[in-house]
1. How many residues does segment D:238-254 hold that are farther than 27 Å from D:T86 by Cα and buried (at least 24 other Cβ atoms within 10 Å of the Cβ)?
2. Do the conditions hold for D:M87, that is, is it modelled with pLDDT of 95 or more and buried (at least 24 other Cβ atoms within 10 Å of the Cβ)?
3. Any residue that is within 30 Å of D:L184 (Cβ to Cβ), of a type outside the set (A, V, I, L, M, F, W, C) and touching a Pro at 6+ places or on another chain (Cβ under 7 Å) - is there at least one of those in segment D:4-17?
4. Taking segment A:245-282, which residues are within 15 Å of A:A151 (Cα to Cα), among the hydrophobic types (A, V, I, L, M, F, W, C) and facing chain D (nearest Cβ under 7 Å)?
5. Of the conditions (1) facing chain A (nearest Cβ under 7 Å); (2) among the charged types (D, E, K, R); (3) over 18 Å from the mean Cα position of the chain (by Cα), B:R20 clears all except one; give me its number.
6. Restricting attention to segment B:23-55, which residues are within 7 Å of chain A (Cβ to nearest Cβ), more than 19 Å from B:V13 (Cα to Cα) and assigned to a helix (DSSP H, G or I)?
7. Which ones in segment C:198-231 are closer than 15 Å to C:I319 by Cβ and assigned to a helix (DSSP H, G or I)?
8. Within segment C:401-436, count every residue that is surrounded by fewer than 18 Cβ atoms within 10 Å (Cβ to Cβ) and not hydrophobic (A, V, I, L, M, F, W, C).
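The values are calculated or read from the model by the stated rules, or taken from the named source; none is laboratory data. Predicted model, so just to flag it, every value in this text is computed and none were measured. Please note: Cβ atoms are built from the backbone with ideal geometry, for glycine as well, and neighbour counts cover all protein chains shown.
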Amino acid sequence: MMSQSLTMLPDLVLAAMLIGLAWAALSSDDLRRGVVLFIAFGLLLAIVWARLHAPDLALAEAAIGAGLSGALLLVALRDEAGGKETAGRVSQVSRWMVDLFALIMACLIGWVLWLTMYAEPAERLAQLANSMLEHSGVSNPVTAVLLNYRAYDTLLELVVVLTAVLGVLVVGRERRGYRQAGPVFCGLVHWLVPLLIVTAGYLLWVGAHAPGGAFQAGATLAAAGIVLRLAGNDAAGLLDGMLLRWSLVAGIGLFLLVGLGVTINGGLFLQYPEAWSGSLILVIESAATASIAAALVLAYRGGRPDGWLSVADYDNNREVSR
Amino acid sequence: MTQVLLYALTGAVLFMLGVRAALLRDTVLPRLLALNVSGAGVFLIFVSLAYRGDSLPTDPVPHALVLTGLVVAVSATALALALNRRLREMDNE
Amino acid sequence: MMTMSVWLPVGILLSSFIPGVLIFFQPEERHRLRTLLNLLGALVKLLLVGVLIWGVFHEQVFETRWFLAPGLEFVLHADALSVLFVSLSTLLWLVTTIYAIGYLEQTPHRSRFFGFFSLCVTATVGLALAGNLFTFVVFYELLTLATYPLIAHKGSPEALRGARIYLRYTLFGGLLLMIGAVWLHTLTGGVEFVQGGVLDQFAELDRDLLRWIFLLLILGLGVKAALVPLHGWLPQAMVAPAPVSALLHAVAVVKAGAFGIVRVIYDVYGVEFAAELGVLSLLGAVAAITIIYGSVKALSQDHLKKRLAYSTVSQVSYIVLGAAILGPLATIGGLVHLVHQGVMKITLFFAAGNYAEALGIHRVSEMDGVGRRMPGTSLAFSIGALGMIGIPPVAGFISKWYLGLGAVEAGAAVWVLPVLIASSLLNAAYFLPILYRAWFKSPATPWPADKTAGCARELPDPLLWPPVTTAALALLIGLFAAAPYSPLEWAELIAGREYRQ
Amino acid sequence: MNNLLIWPVALPLLTALLALLWPRRSNWIGVAGTGLPLLAVLLVSWQVAASGPLELALGGWAPGLGIALRADGLSVLMLLMSALVTMAVAVYASVYFAHAERRGEFWVLWLLLITALHALFLSGDLFNLYVTLELLGLTAVVLACLGGSRESLQAALRYLVLGLLGSLTFLIGVALIYAGYGTLDMAALGDAIVAGPTAWVALSLMTGGLLIKSALFPLHFWLPPAHANAPAPVSAVLSALVVKAALYLILRLWLELFDGVVTQAAAVIVGVLGAIAVVWGSWAALQAERLKLMAAYSTVAQLGYLFMFMPLLAALPEGAGRELALGALVLLALTHGFAKSAFFLAAGIIMQRAGHDRIAELGGTARSLPVTAFTIALAGVALIGLPPSGSFLAKWQMLSTLFVTGQWVWLPVIAVGTLLAGAYIFRLLGHAFAPGEGVGPSLSVGREEIPAVLLALIATLLLGFWASAVWELVPISAYAGGGA
Amino acid sequence: MIDLLALILVFSGIAFFFFGAIGLLRLPDLHSRLHALTKADNLGLGLVIVGVALLHGSPLAALKLLLIWLLVLLGSAASAHLISQYALRRRRQ
């Protein structure tokens, strides 16, 4: 009993810190403080993922959940300056109502979780997913799920990313960039960016058999772009014009073409021939990494770059060139 | 299995904390924070479902689902922030 | 023959629907093509109806079925009663179309007008041919939709107001009818119109429930039939152009309500079963009240079309009264009045339209001496008015005669005869002064707006001949009531089939 | 061999990518990219009607481990609606956005929206449904803010945040389902789910999330500003299709997956909310001063009708009676989809020509834009529920079910809703037919008027006369527990 | 024996982290806080990494760990630089 509560102690501390950080982030009236606490919350969550044997997620959380979300939120704080906050007062009664509602719902969800999880570890899909691993072309089970068993989810997820980025592009122009960094920072960037790119490549490659994969790699690549932008490269390492469009499309396009391509000799959609699946997955993931990185960097830039032409611009260009 | 249950329950608490804040706050950024915390709560539930003790291999399916959910959440956050920024610009114009 | 029995009802509908739709797309200035389409449609329809009459008389079955949804079928079915109404509306449509072409010459939006005009007749004919309650409701609502733009046609604030009031009443009525129909439909699993009624076969159904449904149906139908107190829209709707008023009062809307009531009593409940339920006496009382109330109100109207409108309120309830009295003679009286009232009332409205068109006369008080100025129109008006009063040999007499006989037969003479007599006296009281003014007074003042000065004849042909024709018709069907295929003969045929003699 | 099922999703996605790469050709890529999936959908429908439900196990993995796409009667009907409506609206949009600066992005997003809709209607996996829901929500949000006005952005942002809340709530329900039943495949879940705390809590969470997205009273407040301020083609699909997607999921969950779990009390609660939505939405539509706002409030009301079916459906045992009611519900949803999209397109035409959509100043519209006025009238007939529209049949069957189940209480709501709908439609028509300056000189039939009037004709004539197909398709179910 | 050494290294690394955190909380201004944090953390991480590499034993893993340390070093240097620059600019304004 004693020993069990001792092994529970770190978990208890982690859980309490999670809730405490969440509470602090959400109840803070100072936005900046809230955002910083939220990033800390994300990092703590990454530790919890590691604790729960989910290293892929720990990586992703650190890179995407805490890292990129944090960067996006932090840079969004810049926009808040000068804006008029119109914080309406919520009446005491509705506050109580919401609290009561939240309490009841939390209890209900908790009750169901208790009922379903108190017993021995449930089988669910674990056994099946792990036993099919040898047919999936990769040895990292999470990558197998993401790019083989449930590849369709991932395809649509890439479409979600594309949609969000198009939204960002449509809504407005990008933020002003940063002034050219000094020599010290430039020197750092010279080292940091190549290192990040190498890391991204490594994560992409290693994803087949160990924690990692397109999303973590894409986020790392995007981080390189963000660093570049902070150093004064407004484009954040992105290409312009048509090439930008191609880099956004590449991931989904290749994914879709592979998915459709394998049907030519009688397979079902996304049914890779077993011998090819490892390489096909790697190809798809490489393209996806590029697209994800481009998308995330565009999201960070916060709007439409000048190089993103409208149809009218293209038409005008044609007239000029004639 | 009590640790797993602990995390799952923490997930439920986080989810409702987020929902509560999303309902009570009426500016965009705090709401987005709240929704992200809510999402983290849901993800925590998924991941604790996947964990089957130190000896058994984990269930990779929820991990993949969470990864997907994470990316979706970031995308939506980015879009919301862009919209918010444009609105702020219009305020200032 | 098989295909013809299926396609004839559809053909009768399409013969006005297709011209209607085509007319919508005609540019305003192509009036010749429009006229051609109109008349062609009307003539084709007349031809097809002729075939139908012959066929039904020889007990042929004309039926079209179209499965719409589980339990719901779109059924067109021609029985004797439908033929009565179909031939009335087809004939009068032809006449009214000619009249409308003349009346609306040089006014805007004629394509729209004639489009809806044709749709309106399509809906009316559809009502007549409806083979079950569901189909009836469909056309009942369609009729509302098709007539609304006609009433609002002028686009003036009064016209829009009149149309809005019309719509309020009829949408509400349509809703009640629909609720009643669905309810009955749910209880019985589908209500086909069968001569002699179908409900007596459902002995297990709660009688009170059936009474409530009857009330709903009659309330819904009573709106269009302008039963008191649901008549409020009718005097307001007289803002419509004269051909529309003529059609509304004689063929389309009020008749649709009255026809529906007849259908419900005879072919859904069955007149004996309805009498057993005890719902007929209540309906008879409402009809009697409406007859008297309409006449009294008409008495005090100076506006000619309003006086005619209240007269319609009163006259249409004769049909309802006929249906509400148990017994074949009363049935014959009510049914034949469906035709007679139509022919006479359309004459009156044509004439009223002519007065307004030629001389700008809108009020009874302006009609002094008009008879000598517009003899043809005034003669037609007089025949119509005398018929309404019930003076032989004009058609109206036949209806009242049979109603009276029916009342005696059913033992209801005690209250029906006084109502009939009082109503006739009142009719005389509001029509005879008009005739007196028209023929025997000399014009005291110049006409309000004389548009015919300098013309050789009182009116152009398309305006003059329709009222004269219908007046002659009213006279003829009164004189030759016993001839084969006359309305009276036909009503006797129906009554015979309804009472399963 | 059923790769057929992927085409309604893959084709618009592929063309979306093409439109992104060749923005200058986006106009016709967009129209073609809308038309090709229509062909695929027609093929799928024909197959389903001929030989029953279809299933495609993606990647060749057994459903459960992998994701299955499934097409049955219900999904085919929704697919047909979405493919036909988007086709007509695409033709319209190719005129409407012919010179818009951001039409390149519009077409990409448009095709992505179609991808999302079709993916949602075909999905047979709960988590995949969450992804499609999010995709649908995001595409809808971005399209809604293409107008660029402050109001439209604000409405879109609110729509986005609420949508996120809704889909997260849905997702936690999915988590509980996975916790309790260990699979996400809907066919397997249809067999596995039994009444109990897990099912109840999961269902209420998922339903709650979906109710936000389908704008049921009192969660409707985001809808009118979002739908009224978007560009007309976007409003058309938002009102006609996007809200229906959430409703479709509710139907799937309530009638098929959680059949036997849903209690009458829960259904009555939803029904009451629907009833309030009918009355409140119709009343607000009657008060609305702008055409598009009126249409948006009318959507709130029409959705209310659909939810009023829930207590009726819950009270009926499986079998012919329930299929009758379900068919009526679907027919009503379809009719509304076609009619409301036609209505919004017509409103867009008026707005472009007149420069405003204030109802009180529409006098003369009927003269200068006769086809558009005709479209509004036809669509109005379907919105009120008058014959020969499909909604008339649907309301007839709804009333019939009302009498069968003895749930009289809803009768006054239907009556009031119908009369109010009549009031707001004819108020509009009264203004449109009144004399006035109109919206400029009399114009010939524009290319954008034809799709609008065709949509209205589908709602009023096609769905009225060929409604029996709905009742033939609805019983073809891919999920255990539903259907015959 | 190696294990013991590794443990000592790891724990001393943790101690550096600990003091770094105390410095973050207790020092008066931003620059000195940064100073305490980066120095302590970088060194702390280095010690932990050496310890872990010893525990693991394989040279490949050691290389990987070294790379991680390098990445963190560069990253934290860059972010510390940015933060201090930002603070400096703010003070000047």
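1. Going through segment D:238-254 one residue at a time, the tally reaches 0.
2. The answer is no for D:M87.
3. Yes, some residue in segment D:4-17 is within 30 Å of D:L184 (Cβ to Cβ), of a type outside the set (A, V, I, L, M, F, W, C) and touching a Pro at 6+ places or on another chain (Cβ under 7 Å).
4. Within segment A:245-282, A:I252, A:L256, A:L260, A:L268, A:F269, A:L270 meet the criteria.
5. (3)
6. B:L29
7. C:I218, C:L221, C:G222, C:K224, C:A225
8. Here the count works out to 5.
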